[in-house]
Amino acid sequence: MNTIRIFLLLIVLCFSTLSMAAEKPHIHLLATGGTIAGSGQSATGSRYTPSQLGIETVLESVPQLQDVAHVTGEQLMKVSSQDMTDSLWLVLSHRVNELLARADVQGVVITHGTDTMEETAYFLHLTVQSPKPVVLTGAMRASTALSADGPLNLYNAVVTAAAPESTGRGVLVVMNSLILGADDVTKTNTIQVQAFQSPNAGPLGYVFNNRATYYHPAPAEPHTFFDVNRLQQLPRVGIVYGYAGMEADMLAPLLANKYQGIVYAGVGNGNIHQRAFPLLIQARERGIQVVRSARIPTGPTTLEAEVDDTRYGFIASGELNPQKARVLLMLALTRTSDWKDIQPFFFNTNY
């Protein structure tokens with residue numbers, strides 16, 4: 001009789017465990033490499049090699065993840081983020097859209113190098129076609145470093161992706177306990193763990209005590225997206241950095257090599273050096289789109305200030321920095337080649 005009772009008790013415990021597991025959200029982790037998967041020979045030195053650890057090792061370093069969600073994962077790519085490419089963005093976007101179309105997946109977390117994390121996040125923000133949470137995270141210190149920040153960043157990213165309050169907010173970046181929106185987040189420091197900030201809009205919220213807290217409700221209306229699921233490549237868009245004493249030949253390769261767009265990272269309010277101006281006018285005459293952005297870390301690049309944008313057919317980037325202006329221009333060019341139709345994209349979050 002006791003044997004039967006023990007057997008029944010084991011069955012009850014088994015079903016109870018399965019029920020608890022079923023109640024946890026399913027968060028799928030996509031690993032792409034970066035410092036969070038980096039390894040060095042010294043715990044106190046700065047020298048390390050990024051993108052060394054596989055996803056299994058990264059997951060094993062944070063066993064507490066399974067307390068938050070049912071976490072699965074895959075090594076989608078292994079690339080240091082300074083080597084990220086447009087084609088890899090398409091691979092990543094396609095996979096995220098596939099995953100979020102599944103009823104059993106409630107959110108996606110992406111581990112990524114920090115060098116181009118803000119660009120990848122913004123590209124996904126504009127191309128992921130689901131309101132389910134997508135959260136990017138990484139590390140400023142390699143996994144072998146004393147007080148490595150990767151494990152806690154990953155844990156907080158899963159907490160954020162698993163939170164119902166994260167739905168409908170677009171793509172997020174979680175670093176150093178801050179929740180940051182993909183449209184404004186940028187890397188502001190080369191070495192410190194608090195490197196990621198949103199200098200114009202500020203953080204959306206924070207993670208503390210296993211909980212994601214937001215300062216404001218999610219937007220009432222979700223933004224629309226650029227559909228890249230059938231694309232194999234993106235329009236060529238380059239960035240040219242403005243500076244004192246700039247020579248015009250800095251722009252010549254973009255005109256000669258079939259670029260469809262140029263982002264000019266100007267001084268001040270996106271202002272253009274007098275030597276660069278004639279080549280940008282030539283670009284417009286050849287049908288190449290020109291976006292004026294600014295190398296300044298905060299504030300918008302506005303229309304019709306010192307530059308007569310309407311006269312030349314230039315586009316002002318608004319609050320997008322040059323690297324994000326490039327992302328948006330590439331995607332806008334998949335819809336239209338008319339600068340008058342492209343300009344509204346830069347001032348309207350409902351693309």
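The values are calculated or read from the model by the stated rules, or taken from the named source; none is laboratory data. All values reported here derive from a predicted model rather than from experimental measurement. Cβ sites come from the backbone with ideal geometry, for glycine too, and all protein chains shown count toward neighbours. We work out accessible area using only protein heavy atoms, side chains counted, and drop any ligands, DNA or RNA first. Shrake-Rupley method; radii C 1.70, N 1.55, O 1.52, S 1.80 Å.
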Let me cross-check VAL185: its accessible surface, 1.4 Å probe, with only protein heavy atoms counted, in Å² to the nearest 10? 0
Which entry in (1) -0.29, -0.71, -0.84, -1.24; (2) -0.36, -0.85, -0.98, -1.33; (3) -0.33, -0.76, -0.88, -1.25 matches log10 I(q)/I(0) by the Debye sum over Cα atoms at q = 0.07, 0.11, 0.12, 0.15 Å⁻¹ derived from the coordinates of this structure? (3)
Lysine pairs within the chain, Cα separation less than 27 Å, 8 or more sequence positions apart or different chains: 10
Nearest 20 debye, what's the magnitude of the dipole of segment 53-112 about its Cα centre given +1 on Lys and Arg Cβ and -1 on Asp and Glu Cβ? 100
Please list PHE225, PHE347 from largest to smallest accessible area, probe radius 1.4 Å, with all protein chains kept in place. PHE347, PHE225
So in segment 159-312, what percent of DSSP beta bridges are antiparallel if you round to the nearest 5? 55
The ³J(HN,Hα) series, computed from each phi in segment 312-320 with the Karplus coefficients 6.51, -1.76 and 1.60 at θ = phi - 60°, rounded to the nearest Hz and given as x for glycine or proline, is 9, x, 7, 10, 8, 7, x, 8, 7
Carbon and sulfur atoms: what percent of the 1.4 Å accessible area of the chain do they account for? 54
What are the membrane-span-like helices in the chain by this rule: whole DSSP H runs, Cα extent along the axis at least 30 Å, mean Kyte-Doolittle hydropathy at least -0.5? 2-23
May I ask you to rank GLU118, GLU56 by accessible area, largest first, using a 1.4 Å probe over the protein chains only? GLU56, GLU118
Helix-only mean residue ellipticity at 222 nm for the chain, each DSSP H run of n ≥ 4 adding -39500 (n - 2.57), per residue, nearest 500: -9000 deg cm²/dmol
Segment 167-314, dipole about Cα centre (Lys/Arg Cβ +1, Asp/Glu Cβ -1), debye to the nearest 20: 380
Rounded to the nearest 10 Å², what accessible area does ARG335 show when all protein chains are kept and the probe is 1.4 Å? 120
Return the long-range amide H neighbours of THR49 (sequence gap of 5 or more, or a different chain), with a cut-off of under 5 Å between placed amide H atoms. SER39, GLY40
From highest to lowest solvent-accessible area (probe 1.4 Å; ligands, DNA and RNA excluded), SER317, SER42 read SER42, SER317
Taking R0 as 41 Å, what FRET efficiency do you get between GLU285 and GLN129 from their Cβ-Cβ distance, rounded to the nearest 0.05? 0.65
Magnitude of the Cβ-charge dipole of the chain, K/R +1 and D/E -1, about the Cα centre, nearest 20 debye? 280
Under 18 Å by backbone N from the virtual spin label 7 Å along Cα-to-Cβ at ALA305, the residues of segment 189-207 are 199-201
Gyration tensor on Cα atoms of segment 130-231, a ≥ b ≥ c root eigenvalues, a/c under 1.5 rounded, else prolate if a/b beats b/c, else oblate, says prolate
